[in-house]
Amino acid sequence: MRIVRIATVPFFVLHHLEGQIRAAIAAGHEVFIVTSPGEGAGRLGALGVAGVALIDIPREIAPLSDCVALIRLTAALARLKPDLVHSATPKAGLLAAIAGWLCRVRVRIHTFTGQAWAERRGAVRFLGRLADRIILGLNTRCYADSASQRDFLVAERVASPESLKVLGSGSVAGVDLRRFDPERLRGPAAEARASLGIPPGMRTIVFVGRMTRDKGVAELVSAFGKLRGAVLVLVGPQEPERDPLPPEILEEIRRNPGIRALGYRPEPERYIAMADVLCLPSYREGFGIVVIEAAALGVPCVGTDIVGLRDAVLDGETGVLVPPKDVDALAAALGSLLDDEARRGRLGAAARRRALREFDARAVIGQLLEEYAALAQSRA
């Protein structure tokens, strides 16, 4: 089959879709990528794809730019004549659904990875819900990357139960257990800790993700200020043009000697592997893939009790969940876990067993390729 994978930004393709793309190519499919220009775009060709089309897809509502992107995407699909289009991320999903329908692509798929409108009100929420309804209406098949996300969309009357499917236990593509192997990363993790000047034995909290407000970074930095004898490592790009952190939080990150803000890193596993605790205090998530990456390394997570993370973290079994936007609860959970090495060990071991059992990327991606084949056959 000729397959086109579409996502709004290169970062998502590189960090969430690489395994799927390589597996599809290995299975004999011809794969093309469509995404926006930006950081990481130059590395997309190394995935072995047949071609890359860079189309500026705005992440926010931008009617004129959205129309231009839709025209360019429709032209690209008309030229490529794919058998299957598979989109992820909100804006790419909307444009791909319309363009794929206009071009009469036989199989049109979208994976929901979280609702940007979940925390919004007014017109933005209305338009976000409308966009998701259009995606569901125009695609052949839609997936949610967690059961709680599917339940949320059904409860919000955006989707019907039969219109959304979850593969296995959820996630976009599972976790590469060879890449996230604790034994393989023992040396690189020690090197990463030494390069950051973190003494052996110093308790370490690691965050991996976009450095934005909706990832809960402000609450994490504020909660860290209540702790003593620990280091906080922040791994991920800032997005000053979209959902920026408050100036006082940025100043605290610069000022606090216990915080290491690293920006984007192509190998986040080196930093996760050196953590005592991973923290993901998001306001919204589709699933929270970094949580099961940490789980594969035996690192427990403190996260927020929200859609998506409820599936990635089993509260009290593989990690701890706290209410979103609650600095005191976050600080208490982090402090309690950092102070109890035996509990960290139990949670981390349970998290790793679950990652091995339910989230092996080979199994998750295998399920997706089976879906491709079944859908293509049914639409032939």
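Bear in mind that the values in this text are calculations on the coordinates, not laboratory data. Remember, predicted model here, so these are calculated numbers, not experimental data. Cβ coordinates were reconstructed from backbone atoms using ideal geometry, including for glycine residues, and neighbour counts include every protein chain displayed.
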Span-like helices, the chain: DSSP H, alpha-carbon axial extent 27 Å or more, mean Kyte-Doolittle -1.0 or greater, which ones?
none
Averaging sequence separations of C-alpha pairs under 8 Å and six or more residues apart, then dividing by the length of segment 186-358, give the relative contact order as a whole percent.
23
Using a cut-off of 11 Å between beta-carbons, work out the net charge of the residues near residue 174 (Lys and Arg +1, Asp and Glu -1, residue 174 not included).
-4
Lys/Arg Cβ at +1, Asp/Glu Cβ at -1, dipole of the chain taken about the Cα centre: which of 204, 48, 238 is farthest positive-ward?
48
Between segment 31-107 and segment 129-150, what is the separation of their alpha carbon centroids in Å?
18
Pair residue 43, residue 248: separation of 7 Å Cα→Cβ label points (nm):
3.6
Using a Gaussian network for the chain with springs between C-alpha atoms less than 10 Å apart, which of these wobbles most: 230, 46, 312?
46
Could you order the peptides 265-271, 56-62 from most to least packed, using the average number of other C-beta atoms within 10 Å per residue?
265-271, 56-62
Pairwise label distance in nanometres, residue 177 with residue 154, each label 7 Å out on the Cα-Cβ vector:
3.0
Could you order peptides 207-216, 175-184 by the average number of other Cβ atoms within 10 Å of their residues, highest first?
207-216, 175-184
If amide H atoms are built 1.01 Å from N in the plane of the peptide, which residues on other chains or at least 5 residues away come under 5 Å of the amide H of residue 322?
303, 304, 305
Given the Cα-Cα distance of residue 317 and residue 186 and 0.36 nm per residue of separation, how much length would full extension add, in nm?
44.7 nm
What is the sum of charges around residue 144, taking Lys and Arg as +1, Asp and Glu as -1, for the other residues whose C-beta is under 14 Å from the C-beta of residue 144?
-3
Averaging sequence separations of C-alpha pairs under 8 Å and six or more residues apart, then dividing by the length of segment 104-225, give the relative contact order as a whole percent.
19
Give me the count of lysine pairs in the chain whose alpha carbons sit under 23 angstrom apart, restricted to pairs 8 or more positions apart or on different chains.
6
If you split all Cα-Cα distances of the chain into 10 Å bins from zero, what percentages do you get per bin, shortest first?
5, 24, 34, 25, 11, 2, 0
Residue 2 label point, 7 Å along Cα→Cβ, cut-off 19 Å on backbone N: hits in segment 98-117?
98-109
Given springs between every Cα pair under 10 Å in a Gaussian network model of the chain, which of 351, 97, 194 has the largest fluctuation?
194
Ranked on Cβ counts within 10 Å of their own Cβ, fewest leading, 47, 347, 232 go 47, 232, 347
Within segment 29-50, which residues have the backbone N less than 17 Å from the label spot 7 Å out from residue 102 along Cα→beta-carbon, could you tell me?
34-35
Please name whichever of 314, 192, 256 sits farthest to the positive end of the charge dipole of segment 186-358, dipole taken about the Cα centre and charges placed at Cβ: Lys and Arg +1, Asp and Glu -1.
192
Contact order normalised by length for the chain, with contacts defined as Cα pairs under 8 Å and 6 or more residues apart; what percent is it?
15
Dipole in debye (nearest 20) - segment 277-380, about Cα centre, beta carbon charges: Lys, Arg +1; Asp, Glu -1
260
Per the 1/(1 + (r/R0)^6) rule, R0 = 25 Å and r from the Cβ atoms of residue 373 and residue 50, FRET efficiency to 0.05 is 0.85
Per 0.36 nm of contour for each residue apart, how much would the distance between residue 256 and residue 363 grow if the chain were fully extended, relative to their Cα-Cα spacing?
34.3 nm
